[in-house]
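Note sheet for the following structure.
All of the numbers you see were taken from the coordinates with simple rules; none came from a lab. Just so it is clear, the structure is predicted and the values come from calculations on it, not from any experiment. Glycine also receives a Cβ, built like all others from the backbone with ideal geometry; neighbour counts cover every protein chain displayed.
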Amino acid sequence: MPAAASSRQPGASNRFSGKEAQWLLAQERQWLAGQMASRPARPWLWLAPPAAAMADWPRPPPRGLLLHEQDGRYSGSIRCGLPLPLPSDCLGDVVLQHPGWGGAGPLVEECARVLIDGGRLWLFLVNPWSPFRLRRPRDLPVASAGAWQQRLRAHGLQIDAARFLGPSWRMASQSNAQASDWPLGACRVIVAEKRGAAPVAPAPVAWGRGAAPAA
């Protein structure tokens with residue numbers, strides 16, 4: 001008897017394919033939209049999970065690029081791989097929403113390159129300590145937050161205190177997404193900022209012994 005036909009494309013990823021994972025992604029988008037609205041209107045880049053997890057996304061504003069993972073590359077507003085086809089120091093915000101671990105080193109390096117001084121990188125990772133992950137263990141991939149933070153620091157990014165977003169167990173009914181320091185939230189949010197080295201003022205010329213010469 002032939003096997004039943006599958007509606008999934010060959011090789012398609014099942015990351016974030018369940019309703020709980022879809023709900024979590026929507027909560028992240030809602031929260032981050034409010035955070036970015038309070039920042040200056042600068043171009044941004046958003047790297048999201050595979051297209052299957054983005055079915056209900058609205059069209060992004062013209063000043064932003066929305067890309068999703070596809071077969072080891074990115075598709076969406078443009079089709080590209082790494083290195084990114086963007087000039088250095090051109091973006092105010094870069095969002096990494098649950099990126100695959102495969103190219104973490106080159107990806108973080110590219111993000112640091114395209115960010116302006118004062119630009120921010122927003123990294124969303126599934127919290128392995130949250131009981132929420134037990135509800136969808138297969139499509140909620142876990143990455144090491146420590147490894148990502150090490151990569152970020154290695155490329156000169158300053159990391160703020162981690163925040164946690166989403167429920168600790170099941171989908172909540174409230175509509176407003178809020179982040180807190182409660183460590184059992186479903187998603188860990190890491191915010192890193194690119195800060196240029198402060199200019200060092202020249203050392204003043206020391207006076208010789210005795211009183212300063214008269215003007």
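Which strands (runs of 3 or more DSSP E) does segment 83-193 wholly contain that include 3 or more residues that are hydrophobic (A, V, I, L, M, F, W, C)?
91-97, 115-126
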Review point. Over 21 Å from G64 (Cα atoms), surrounded by fewer than 14 Cβ atoms within 10 Å (Cβ to Cβ), without any contact (Cβ under 8 Å) to a residue 40 or more places away in the chain and not aliphatic (A, V, I, L, M): does that describe G146?
Key: yes
**Study point:** Whichever residue in segment 68-90 is in contact with an Asp or Glu (Cβ under 7 Å, 6 or more places away or on another chain) and among the hydrophobic types (A, V, I, L, M, F, W, C) and, among such residues, is surrounded by the most Cβ atoms within 10 Å (Cβ to Cβ)
**Key:** L84
Point to revise | Residues being in contact with a Lys or Arg (Cβ under 7 Å, 6 or more places away or on another chain) and small (G, A, S) - total across segment 157-179 | key: 2
